[in-house]
Amino acid sequence: MSLEEDILIENYLKEALSESEEKDFSERMSNDDSFREKVIFEKQLFETLNESDWSFIENTNSEELKTLDSVFKSDDVKKTKEAISMAYEKYSSSKKKTLKLSYIAAASVAILIAVYSLFYTTNYSPNELYAVYIQPNELHSNISRGEESKIKDLAIGETYFNDKNYSKALPVFVKVLPENKNNASIYLYIAISQIELSKYNEAKATLDNLINSDLIDAEKGYWYKSLLFVKSNQLQEAKEQLKFVIKNSYFKHKEAKELLSKLDN
């Protein structure tokens, strides 16, 4: 399971998805059997880890709890969960389709041990923080009408982008931008592709163009600009940008608080 899927399922279980995200999530659950099985399994783990299981951290402060949240997304815990998922897939492919409580309990203990061991020692690199917060799956071009060739180009660009083939996605979106300057998502597709290709100055220029536009979603540029600074290891600039997002309650201001706290640790 990819990091994006892991975060998506986690937010679903925490009831942290927006209405549109929850709708997309439900549709994927209906159409993707493999994804649905993973969600069910994660839900069983989530429900097994009830409040009593977290007594070992009940006296921690809010900053430590934020750190714990980041630990769940760390590579070591992710690997533990992936190992459990692989074991589950082998188990579910057998004739026995009922997941035993003992199996769930064992899996839960494995994750708890990993979390406990990492709680005070996990330090995230800028690249890891960027990977956690970028969530490119949130982008949608929202274009369904127009010339067939334009729609086709956008579909091709989105396919490349979703496959993380940014070197091919970028020229496609650059090509369609002049006739789609009223679509903030195109700017963001371009900027994220540029960031992923380490074209940081170009990405900054793209985001500044979005920010300086009169589009409703222009404020999204500030959040992605902060992620650009994180990815390029310009941490002081990232902090200043995040503070600006928080101060103005712009797009992703809650996530901005979380990220800022991690950068300050």
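The values are calculated or read from the model by the stated rules, or taken from the named source; none is laboratory data. Quick caveat: nothing in here was measured; it's all calculated off a predicted structure. When we count neighbours, we look across all protein chains shown, and the Cβ atoms used for this are built from the backbone with ideal geometry, even at glycine.
Couple of notes before you dig in:
- Wholly enclosed helices (runs of 4 or more DSSP H) of region 144-262 bearing at least 1 residues modelled with pLDDT of 95 or more and of a type in the set (D, E, K, R): 166-176, 184-196, 200-211, 220-231, 235-247
- Residue 109 meets the conditions (1) modelled with pLDDT of 70 or more; (2) exposed (fewer than 15 other Cβ atoms within 10 Å of the Cβ) in every case but one. The failed one is (1).
- Of the residues making up region 12-32, just one is basic (Lys, Arg) and within 16 Å of the chain's Cα centre (by Cα), namely 14.
- Matching residues in region 24-60 - criterion: being of a type outside the set (Asp, Glu), modelled with pLDDT of 80 or more and surrounded by 11 or more Cβ atoms within 10 Å (Cβ to Cβ): 25, 26, 28, 29, 35, 36, 38, 39, 40
Each row is one residue, and each column tells you yes or no for (1) over 30 Å from residue 23 (Cα atoms); (2) in contact (Cβ under 8 Å) with a residue 12 or more places away in the chain; (3) in contact with a Pro (Cβ under 9 Å, 6 or more places away or on another chain); (4) surrounded by fewer than 15 Cβ atoms within 10 Å (Cβ to Cβ).
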site: 151; (1), (2), (3), (4): no, no, no, no
site: 161; (1), (2), (3), (4): no, yes, yes, no
site: 176; (1), (2), (3), (4): no, yes, no, no
site: 215; (1), (2), (3), (4): no, yes, no, no
site: 222; (1), (2), (3), (4): no, yes, no, no
site: 226; (1), (2), (3), (4): no, yes, no, no
site: 238; (1), (2), (3), (4): yes, yes, yes, no
site: 248; (1), (2), (3), (4): no, yes, no, yes
